[in-house]
Amino acid sequence: MTDLIAIIAIIWWPLIPLFWIPVHGFSGWVKKLGLYTYILPLITWLPAAFVIYSHKEFLLQYRIELSTVLNIAGWLLFFLGTLLHVWTGFLLNMWGLIGLPEISNKFKGAMVTTGPFSVVRHPTYLAHTLMFTGVFLLSEVIAAGFIAVLDFIIVFTIIIPLEERELLKRFGDDYRKYSQSVPRFFPITLLRKKT
């Protein structure tokens, strides 16, 4: 079961950067493509998924032995990340979750600042981090740990800054005020403000 979870996470992960970097980094070009934008990550992801799946035995064979406590923590992180992802998906609705407001001028989308968005500006990416970290801890597969670290680095240094630039264009001063009062990714700064 843990091998299955690990390989699914490793196979699906490339969709995140392959979709969100172009969507947020080239928003003008993406809006011209419209719904055809959804074809681009499939063209790039399907070959990557095939290569990863073809080498699944190799990827799953390298492991690190972790304590039972860390394995249990992995299940907990995976579960919490999944719940957070579902919650943010509910708040963003299906169109917001799949990036339709970024792709089409017909769907402006509303700025969401409630629920987990009142604690951090990017709870969906935080959910990914929790889930991928959880997958690594529960499966002990080193490739899953690599994906968890790679996801965090790419999301935090590339995708979030691009997304915030796009959100600032779309929502203007409302987003600027929101970003000044709610931390980007780690809720720790919010906790410091309350104490």
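The values are calculated or read from the model by the stated rules, or taken from the named source; none is laboratory data. Since the structure is predicted, the reported quantities are computational estimates derived from the model, not experimental observations. Cβ: placed from backbone, ideal geometry, glycine included. Neighbour counts: every protein chain shown. Each accessible area value is taken on the protein alone, full model and side chains, heavy atoms only, with ligands, DNA and RNA left out. Shrake-Rupley method; radii C 1.70, N 1.55, O 1.52, S 1.80 Å.
Listing for the model above:
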quantity	calculated
Protection proxy ranking, peptides 172-180, 37-45, average beta carbon neighbours within 10 Å, highest first	37-45, 172-180
Residue among Leu91, Leu40, His55 farthest towards the positive dipole end of the chain, charges placed on Cβ	Leu91
Net length gained if the chain between Tyr36 and Ser67 were fully extended (0.36 nm per residue, minus Cα distance)	6.5 nm
Gyration tensor (alpha-carbon) shape descriptor, segment 51-147, a/c threshold 1.5	oblate
Environment charge at Asn105 (Cβ cut-off 15 Å; Lys +1, Arg +1, Asp -1, Glu -1)	+4
Value at 222 nm in deg cm²/dmol, rounded to 500, when DSSP H runs of n ≥ 4 in the chain each add -39,500 (n - 2.57)	-22500 deg cm²/dmol
Candidates Val23, Val51, Val182, ranked by Gaussian network fluctuation over the chain, Cα under 10 Å, top entry	Val51
Helix axis angle, 68-97 relative to the chain longest principal axis, alpha carbon, degrees	30
Accessible surface, the chain, averaged per residue in Å² (probe 1.4 Å)	56
Carbon and sulfur %, accessible surface of segment 1-116 computed with the full protein complex present, 1.4 Å	76
Two-decimal ratio, the chain, of alpha-carbon radius of gyration to 2.2 N^0.38 Å	1.08
Filtered trypsin sites (Lys or Arg not before Pro), segment 74-169: DSSP coil and at most 11 other beta carbons within 10 Å	Lys106, Lys108
Relative contact order, percent, segment 96-195 [alpha-carbon distance under 8 Å, six or more residues apart]	32
